[in-house]
Every structure is written in structure tokens, then in C-alpha cells.
Amino acid sequence: QKRGLLSQQHATRDRTMIFCSEENCLNELISSLHFIRKVIKIFPFETRIIVCAPKRAEKKVLDLFVQGLQASGLSFVEESTSLFPKGEKIKAPRIEVRGVDAYGVEWPLSSVQLENETCAGLTMISCSLFGSLERVLALAIERENN
């Protein structure tokens, strides 16, 4: 089903990789979530924040996500389905920010994922702060023109 500007053949995405020690991981996660909170406040559309995780997800990572979201003052729900990217099964826990269009359909925007134990014993936080720039603009245009 085509959805006008929200249907995309290609997308421009941002991606930030933060390498940190395990001890500093929560602070870096909170910092990333604060930035995402500021970004989503700029735009006029409704958003939902969801913690997505496979059934076999590490409790330590989920607890870290919950601590980070609570410290950032962001409300969230936990779900086992992911819209990011469509059709792909969830392999690792992640935080998704979803924009809601005028029809109530949710579209993936920002995401945060933790990659444990990279080289040299560091943890990598993978963030997409805006997600698809085209989708953000489409949601903003749609909201303003309703």
C-alpha cells in the first residue's frame, strides 16, 4: 500500500557510533537519549518510544535501556515487534522512536542499539538520531497541512 511521501524507494539516514567503556555506557546512552528528546520536540507530530527486544534478549541490556529512558524523562512501552526495518526480525534489543501520521500509522524514525563487546572490550552504542530524513520531513509536512 502506497502512502505518498511516506513511501520511499531510498532513504537518507544518519548513523552515529559511540564507543565507550562499560562503566560509561549509561552516561553515553542518557546523552544520546537527551539529544533525541530535543530533536523530537522540534517536530509537530506525535511520537511513541518503544523498547523492542527478542525473547532471548540480555536482561542487562534491557535494564540499561530502561534506566537510560527513565533518567532522560522519556515515557516508553515495551514491544516484541519492530518496524525498523520492515519485515526484519529483531536480533538485538533497541529503542525505537516512531512518528505517527494523520491516519495513526506508526513510522520508524530514531533508534538506539547496543553492540556489546566490540574489539578492545569496548561497548558500541549505535544511534540513528533522525532516522530517515525524508520520512521526518514527510510527517512534518503532513501534520502542518492537515
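The values are calculated or read from the model by the stated rules, or taken from the named source; none is laboratory data. Just so it is clear, the model here is predicted, and its values are computed rather than measured. Neighbour counts run over all protein chains shown; Cβ positions are idealised from the backbone, glycine included. For the accessible areas, the whole protein counts, side chains as well, though only heavy atoms, and no ligand, DNA or RNA atoms are used. Shrake-Rupley method; radii C 1.70, N 1.55, O 1.52, S 1.80 Å.
Could you tally the net charge around L129, taking each other residue with its Cβ under 14 Å from the Cβ of L129, Lys/Arg +1 and Asp/Glu -1?
Once all neighbours under 14 Å are counted, the net charge is +4.
Straight-line reach only, C-alpha to C-alpha below 18 angstrom: list the aspartates and glutamates that K55 could link to, leaving out same-chain residues fewer than 8 apart.
D63, E78, E79, E88, E96, E115
Can you give the accessible area per residue of the stretch 14-53, in Å², using a 1.4 Å probe?
Accessible surface, normalised per residue, equals 55 Å².
Once ligands and nucleic acids are excluded and a 1.4 Å probe is used, how much of D63 is accessible, expressed in Å² to the nearest 10?
Its heavy atoms expose roughly 70 Å² to the probe.
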